[in-house]
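The values are calculated or read from the model by the stated rules, or taken from the named source; none is laboratory data. Just so we're clear, the structure is a prediction, and the values are computed from it rather than from any experiment. We place every Cβ from the backbone using ideal geometry, glycine too, and count neighbours over all the protein chains shown. Surface accessibility is based on the protein's heavy atoms, side chains included, excluding ligands, DNA and RNA. Shrake-Rupley method; radii C 1.70, N 1.55, O 1.52, S 1.80 Å.
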Amino acid sequence: DAEREIIFNEFEARKGEVASGIIRRIERGHIVVDLGRTEAVMPPREQIPGENFKPGDRIQGHLLDVRQTTKGPQIIMSRACSDYLVKLFEAEVPEIYDGIVQIMAAAREPGQRAKIAVYTKESAVDPVGACVGMKGSRVQNIVQELKGEKIDIIEWDEDITRFACNALAPAEISRVFLDESRKEMEIVVTDSQLSLAIGKKGQNVRLASKLTGWKIDIISEASASARTAESIFNLMLIPNMTDTMAQNIFQSGFGSYQSLAEADLSEV
């Protein structure tokens, strides 16, 4: 019991670190890793899809959780969580390790694509360039460790509109409409940029949404124009409404006479 307590305390203190060990066995998709003093388990959900390991292979991962059970400490390892990506960048980029560059947010779809947002207060330091490294050497080492996962490194901005535009790179954004109370934003892009902004199977917008913490909807210029015209027509049904008034009311966030009628007087 004392031995178990010692091991539990040791790994509890190391929670959040990256550890490596030898694979002892694979039980129903769960990888059992020998960490020296004890064993850790990497469940299927914490593995990178498509990776194949066999007993005897060396594996590294993030110490995600440490639990005390009747059989002793249970250690959960992960290669799929966003924190593992952050730790790899800390190890690879001295500026992050030294605190000159900060990782403000990270989002992953393991084995496919990831985005990290970086920021620095030092005007002489390019945070994105520091993470990419000479000829992409730093980020390439991380991509190899994650078995080819594509990593977008973007600059963090306290202005949520600019941050969202950066997060959706390489797509070019035309306009952004915010609903701060619901933390939702609607982003308008040109018709040619629509598929790039959404990404393969919606991946780009999904990761940008995770990274910013806002719900993001992307629509094309054509859809936005059609909707604007419909809203203006709807508002023009109000007696004595002029085109200029309808335009101004629409710009203020009222898309129909119903929404205008239901709105609080002070808002109007």
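Name the single residue that is surrounded by the most Cβ atoms within 10 Å (Cβ to Cβ) among those in region 174-194 being within 19 Å of the chain's Cα centre (by Cα) and closer than 19 Å to residue 226 by Cβ. Filtering first and then ranking leaves 187. Listed by position, the helices (runs of 4 or more DSSP H) enclosed by region 57-154 that each have at least 2 residues that are over 18 Å from residue 18 (Cα atoms) and without any contact (Cβ under 8 Å) to a residue 12 or more places away in the chain are 137-145.
How about region 155-173: which of its residues are without any contact (Cβ under 8 Å) to a residue 40 or more places away in the chain, surrounded by 13 or more Cβ atoms within 10 Å (Cβ to Cβ) and of a type outside the set (Ser, Thr, Tyr)? Before you say what the answer is, go through the steps one by one.
Filtering region 155-173 for residues without any contact (Cβ under 8 Å) to a residue 40 or more places away in the chain gives 155, 157-159, 161-162, 165, 169-173.
From what's left, surrounded by 13 or more Cβ atoms within 10 Å (Cβ to Cβ): 155, 157, 161-162, 165, 169, 171-173.
Once the filter is applied, which keeps residues that are without any contact (Cβ under 8 Å) to a residue 40 or more places away in the chain, surrounded by 13 or more Cβ atoms within 10 Å (Cβ to Cβ) and of a type outside the set (Ser, Thr, Tyr), region 155-173 yields 155, 157, 162, 165, 169, 171, 172, 173.
Just a yes or no: is a residue in region 63-73 within 20 Å of residue 110 (Cβ to Cβ) and among the charged types (D, E, K, R)? For region 63-73, residues within 20 Å of residue 110 (Cβ to Cβ) and among the charged types (D, E, K, R): present. Scanning region 44-79 for residues that are over 20 Å from the mean Cα position of the chain (by Cα) and small (Gly, Ala, Ser) gives 50, 56, 72.
Can you say whether residue 217 is touching a residue at least 24 places away in the same chain (Cβ under 8 Å), over 27 Å from residue 89 (Cα atoms), open to solvent by 50 Å² or more (accessible area, probe 1.4 Å) and within 19 Å of the chain's Cα centre (by Cα), as far as the supplied structure shows?
Values: touching a residue at least 24 places away in the same chain (Cβ under 8 Å): yes; over 27 Å from residue 89 (Cα atoms): yes; open to solvent by 50 Å² or more (accessible area, probe 1.4 Å): yes; within 19 Å of the chain's Cα centre (by Cα): yes.
Answer is yes for this residue.
The residue that is farthest from residue 15 (Cα to Cα), counting only those in region 87-116 that are open to solvent by 30 Å² or more (accessible area, probe 1.4 Å) and of a type in the set (Val, Ile, Thr), is 100.
Inspection of region 143-154 identifies at least one residue that is touching a strand residue (DSSP E or B) at 6+ places or on another chain (Cβ under 8 Å), open to solvent by 50 Å² or more (accessible area, probe 1.4 Å) and within 20 Å of residue 206 (Cβ to Cβ).
Limited to region 184-222, what total is found for residues that are in a loop (DSSP other than H, G, I, E, B) and either of a type in the set (Phe, Trp, Tyr) or modelled with pLDDT under 90 (or both)? Full working, then the answer.
Initially, region 184-222 is screened for residues in a loop (DSSP other than H, G, I, E, B), giving 190, 199, 213-214.
Going one step further and asking which of them are either of a type in the set (Phe, Trp, Tyr) or modelled with pLDDT under 90 (or both), we end up with 190, 199, 214.
The number of residues fulfilling the criteria is 3.
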